[in-house]
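Contents: one structure, followed by commentary.
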Amino acid sequence: MSYQNITVVITTFHSETKIVSCLKTINSEINVVIIENSDNSQFKEKIEKNFANVKCHLAGENLGYAKGNNLGLSKVGTKFALILNPDALLDSNAINNFLITAKKNPDFSIIGPLVQEGFNAKEINNNPNPSIKETSSVKGFAMFFNMEQFKNVGFFDNEIFIYLEEIDLCKKIKKLGKKIFLDPSIKISHGGGSSHDQDINYEMELSRNWHWMWSSFYFHKKHNSYHSAFIKFLPKLLSSFFKIIFYKITFSKKNSLIYSQRFSGLYNAMLGKKSWYRPKIT
């Protein structure tokens, strides 16, 4: 297998200062598809001028992580696809190790790299030669897909704008009896929550709070039941409501807005409304 078997898919949104560092860690022989969730033609021109192996597609609107990646994956014609966050940096051997593991485990659906929050972290750290393990899910910042395994299955849930979309996909894959692996030999560093430029941090924080609550309720309802989700999240709804009042009384506008977002996201999810909120960025 060679680099011609892989396409890297990256969904971006105001990631101009992050994406360049990411692209520099990807071998220039590997095709890269970027889905930019805006109509920023200057971004497209700059990226394609500086990286001959990159094709940037402008979505024209903010599709979110799941829908953006689905659009990118629809443009993949290779055997494998690697989903990457814009703030991910590949170790020099990462792609080669993905290919080695794929060759040894040809029936895999998804392979994830070393950096995985909470998954066998102690075991990996204490073992100088950790081995590949089958797992129930991997984190979404770097997911290596065997494209053949997704025929007639589909990828991410388009209803989810952001958060838990990778866990949702992994659950679907596992229910179908397909295999997901974690390979500690594959090293990819991840900034975590910093894939956008820093000057839009506060607006993105408001968006994160709205979508975390909406996605959490939607995910629990989808995989359990509405009744179960309602019982689980009602205390969070009430807590957000009282915190809005508290922070208004204490003149803490920032905190009041954050909890207003949490309340709104959860309330809309409980009503069965779509994930409609979008960051207010010009």
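Each value in this text was obtained by applying a stated rule to the coordinates, not by laboratory testing. Because the structure is predicted, anything quoted here is derived from the model rather than measured. Quick reminder, even Gly has a Cβ in these numbers, built from the backbone with ideal geometry, and neighbours come from all protein chains shown.
Some observations on this one:
- Residue match in segment 235-254 (condition: under 18 Å from the mean Cα position of the chain (by Cα) and small (Gly, Ala, Ser)): no
- Close Cβ contacts (under 7 Å, 6 or more residues apart or on different chains) running from residues in segment 96-107 that are of a type in the set (A, V, I, L, M) to residues that are surrounded by fewer than 17 Cβ atoms within 10 Å (Cβ to Cβ) and in a helix (DSSP H, G or I) are absent.
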